[in-house]
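Peer 1: Shown below is the structure under consideration.
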Amino acid sequence: MKKFFSEFKTFALRGNVIDLAVGVIIGAAFQAIVNSLVNDILNPLLGLLFQADFSELTLNVNGVDIKYGSFISAVIQFFLMSLVIFTIIKLINNISEKFAKKLHKEKEAEKLEEAARKKKCPFCKSEIDEEATRCPFCTSELKTINTTDEQIAEKITEK
């Protein structure tokens, strides 16, 4: 039994479960706001337009009241919640897309900066740092930093 509670504690304290719990609590609080918006603001406004209170609309069939007005209110609440959730997700996606683009641009700038600091070894043609005095690939000594590849090749052939 002790192992069971230990495993449950590990499961419950994992980040995903806590994130889910926070999401459910925020969702419930947000649902209360949407319910209030529909019941206290939208339904009375729609009632003014259609000369009826939706929450009171019923259909009596053989002594049974079918409260279709409450159903209309629930449908309105559903569409409002869907609209808000869609808007929030779209906003989050836009923000993360902008962040990803910015990160991509920064990485590209770093690559360009790194490429600008590179030169080719005149002996093995490997890319090396522009300030290198010895090639890390072929271990050739690079004494003449400001000379062109042709000048270096000429010096080699003279020897």
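The values are calculated or read from the model by the stated rules, or taken from the named source; none is laboratory data. Computed from a predicted structure; not experimentally measured. Neighbour counts are summed over all protein chains in view; Cβ atoms, including those assigned to glycine, are modelled from backbone coordinates with ideal geometry.
Peer 1: Could you tell me which numbered condition Lys107 fails, if it satisfies all but one of (1) in a helix (DSSP H, G or I); (2) assigned by TED's automatic domain parsing to the domain that holds Pro136; (3) not small (Gly, Ala, Ser)?
Peer 2: Just one mismatch for Lys107, condition (2).
Peer 1: May I pose another question? Search region 1-58 for residues being in contact (Cβ under 8 Å) with a residue 40 or more places away in the chain and β-branched (Val, Ile, Thr), and hand back the single one that is nearest to Gly69 (Cα to Cα). Before the answer, list the steps.
Peer 2: Step one: list which residues in region 1-58 are in contact (Cβ under 8 Å) with a residue 40 or more places away in the chain, which gives 30-31, 34-35, 37-38.
Next, from what is left, pick out any that are β-branched (Val, Ile, Thr): 34, 38.
On the way: Val34: 17, Val38: 12 Å.
Here the residue is Val38.
Condition check ((1) assigned by TED's automatic domain parsing to the domain that holds Leu42; (2) part of a loop (DSSP other than H, G, I, E, B); (3) within 18 Å of the chain's Cα centre (by Cα)) across all residues:
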| position | (1), (2), (3) |
| --- | --- |
| Ser82 | yes, no, no |
| Ser96 | yes, no, yes |
| Pro122 | no, yes, no |
| Lys125 | no, yes, no |
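Peer 1: Which pairs have Cβ atoms under 6 Å, sit 6 or more apart or on different chains, and link a residue in region 74-91 that is at pLDDT below 85 to one that is not hydroxyl-bearing (Ser, Thr, Tyr)?
Peer 2: Matching pairs, first to second residue: Ile76/Val38; Gln77/Val34; Gln77/Val38; Leu80/Val34; Met81/Val34.
Peer 1: Quick check on my filter: what residues within region 16-74 are of a type in the set (A, V, I, L, M, F, W, C) and assigned to a strand (DSSP E or B)?
Peer 2: Hits for region 16-74 are Leu59, Val61, Val64, Ile66.
Peer 1: With respect to the numbered conditions (1) exposed (fewer than 10 other Cβ atoms within 10 Å of the Cβ); (2) hydrophobic (A, V, I, L, M, F, W, C); (3) modelled with pLDDT under 80, which one is the sole condition not fulfilled by Val64?
Peer 2: Among (1) exposed (fewer than 10 other Cβ atoms within 10 Å of the Cβ); (2) hydrophobic (A, V, I, L, M, F, W, C); (3) modelled with pLDDT under 80, Val64 violates only (3).
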